[in-house]
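Worksheet: the structure to be examined is printed underneath.
The values are calculated or read from the model by the stated rules, or taken from the named source; none is laboratory data. All figures in this text were calculated on a predicted structure; none of them were measured in a lab. Virtual Cβ from ideal backbone geometry, glycine too; neighbours counted across all protein chains shown.
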Amino acid sequence: MVDRPRAKITRRNFAGMCIGAAAACGTAFDSVSQVRGAQSISSSTAKTAIDQNPIRRRGTGFRALDASRASPGLTLFSPIEGDGMVYLIDLTGKIVHTWKMPHPPGLYGYLTEKGTLFYNGKIPNDTFLGKAPFKGGAALEADWNGKVLWEVRHPNHHHDGRLLKNGNVLLLCATELSNDVARKVQGGRPGTEEKGRIWADYLVEMTKDGRTVWEWRSWEHLDPAKDVITAVQDKRSEWTHGNAVMELPDGNLLVSFRDISTIIKIDRRTGQILWKMGAPPLSGQHAPTPLPNGNILIFDNGPHRLDESFPFSRVIEVDSRTSEIVWKYEEGIRSNFFSPRISNAQRLPNGNTLVNDGWFGRFFEVTSDGEVVWEYVNPYFGPASKPAKAQNNNVFRVYRYTDEEIARARAAV
């Protein structure tokens, strides 16, 4: 465990500290005034509206920066509740560039090695999957100006899709299990199946013109009796609930399954599982990412840990040869950092780690010792048709790009 992060005090957060101190003093003065019988609160002050959304109330946008230690570059994100806007911001929170995609995010976008924007879009349908908040349905590639170069669609696509080195598209999909397999699934709350059925994941590789050339099915390689739904409180509408797929440098694949708290490495040629890590230590994890040293960086959400009493989130670096955790970031008071769903982390060129506390739309950068050197909170919330306190600023994934990568993206037109 690293020491509790200490963000450098900037003019902005110093002002916030002063305001907080003044408020505390004001409370004390009010008590004294009341003892003296004075009316210390005017009617106009008493009627001041208070934002009922606790995330917005704590502050959004740029929060802190230690420019001498932060990794330079621009940060890309797309709010889940947005209408398809993808943002690039600098370290002060200034918007440098935007893309307007034809679909809401399903659930994010990223810059490819050649600089184009690969984007997973949301196209709802009438199935259980189509109505789920993690629905996808479309994957596309766009240039710097937002021109869509191609698009593929698949009704069972959800959460993730990646552009492969061979030029094809890999989609994470799901479908209903057969009754024979479904009855073997262990864990979760009895009676919470989706109309009596359970869904599970499979992978689809497609060409850019929409032809399926390869599939991998979770129920043919995982054991529903042993790879159980980890959290006793989870629904049984899904067995595996995949949330990430990633191509490794050797062409093999990493896949993350949240509901069974498991990450696997798949042999691309045979489909066999080469490596597997489950619970404990994992718990509802997201976004396993290969590092140049061969290790894997994981956002370990921790909503239901089998080896701890309380939920908390952390970022861990795992040696895939030994499954040993060789580095981790967590708060000194562990429960102070908790994102029960979504989220990701990225190792930056200077050795720092960018962390996306996705459930609360908070992005921050930490050193290898766990000190915070940059922080930003997504200021874009969901539709106002909901009660204000029900609006969210969720962000599935966040990525930082160097000046060289941005230059390549600008040239991708």
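If you filter segment 262-316 down to residues that are small (Gly, Ala, Ser) and more than 21 Å from the chain's Cα centre (by Cα), you find that the one that is surrounded by the fewest Cβ atoms within 10 Å (Cβ to Cβ) is 309. Put simply, of 280, 288 the only residue that is assigned by TED's automatic domain parsing to the domain that holds residue 354 and in a loop (DSSP other than H, G, I, E, B) is 280. Restricting attention to segment 246-261, which residues are within 16 Å of the chain's Cα centre (by Cα), hydrophobic (A, V, I, L, M, F, W, C) and buried (at least 22 other Cβ atoms within 10 Å of the Cβ)? Of everything in segment 246-261, those that are within 16 Å of the chain's Cα centre (by Cα), hydrophobic (A, V, I, L, M, F, W, C) and buried (at least 22 other Cβ atoms within 10 Å of the Cβ) turn out to be 255, 257. Residue pairs whose Cβ atoms lie under 7 Å apart, sitting 6 or more positions apart in sequence or on different chains, and linking a residue in segment 388-406 that is under 14 Å from residue 118 (Cβ atoms) to a partner that is of a type outside the set (D, E, K, R) and assigned to a helix (DSSP H, G or I), are 396/358.
Any chance segment 119-132 includes a residue that's part of a strand (DSSP E or B) and either among the hydrophobic types (A, V, I, L, M, F, W, C) or closer than 20 Å to residue 410 by Cα (or both)? There is at least one residue in segment 119-132 that is part of a strand (DSSP E or B) and either among the hydrophobic types (A, V, I, L, M, F, W, C) or closer than 20 Å to residue 410 by Cα (or both). At least 2 residues being out of contact with any Cys (no Cβ under 7 Å at 6 or more places or on another chain) and among the β-branched types (Val, Ile, Thr) is the threshold, and among the strands (runs of 3 or more DSSP E) wholly inside segment 70-118 those reaching it are 85-89, 95-100. Residues considered: 161, 188, 242. Of these, the only one that is buried (at least 22 other Cβ atoms within 10 Å of the Cβ), within 24 Å of the chain's Cα centre (by Cα) and farther than 18 Å from residue 255 by Cβ is 188.
Residues are listed down the side, and each one gets a yes or a no for (1) touching a strand residue (DSSP E or B) at 6+ places or on another chain (Cβ under 6 Å); (2) in contact (Cβ under 8 Å) with a residue 12 or more places away in the chain; (3) among the acidic types (Asp, Glu); (4) within 22 Å of residue 355 (Cβ to Cβ):
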{"residue": "56", "(1), (2), (3), (4)": "no, yes, no, yes"}
{"residue": "66", "(1), (2), (3), (4)": "yes, yes, yes, yes"}
{"residue": "78", "(1), (2), (3), (4)": "yes, yes, no, yes"}
{"residue": "83", "(1), (2), (3), (4)": "no, yes, yes, no"}
{"residue": "91", "(1), (2), (3), (4)": "yes, yes, no, yes"}
{"residue": "103", "(1), (2), (3), (4)": "yes, yes, no, no"}
{"residue": "117", "(1), (2), (3), (4)": "yes, yes, no, no"}
{"residue": "134", "(1), (2), (3), (4)": "yes, yes, no, yes"}
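For residue 399, the conditions (1) farther than 20 Å from residue 281 by Cβ; (2) modelled with pLDDT under 95 are fulfilled apart from (2).
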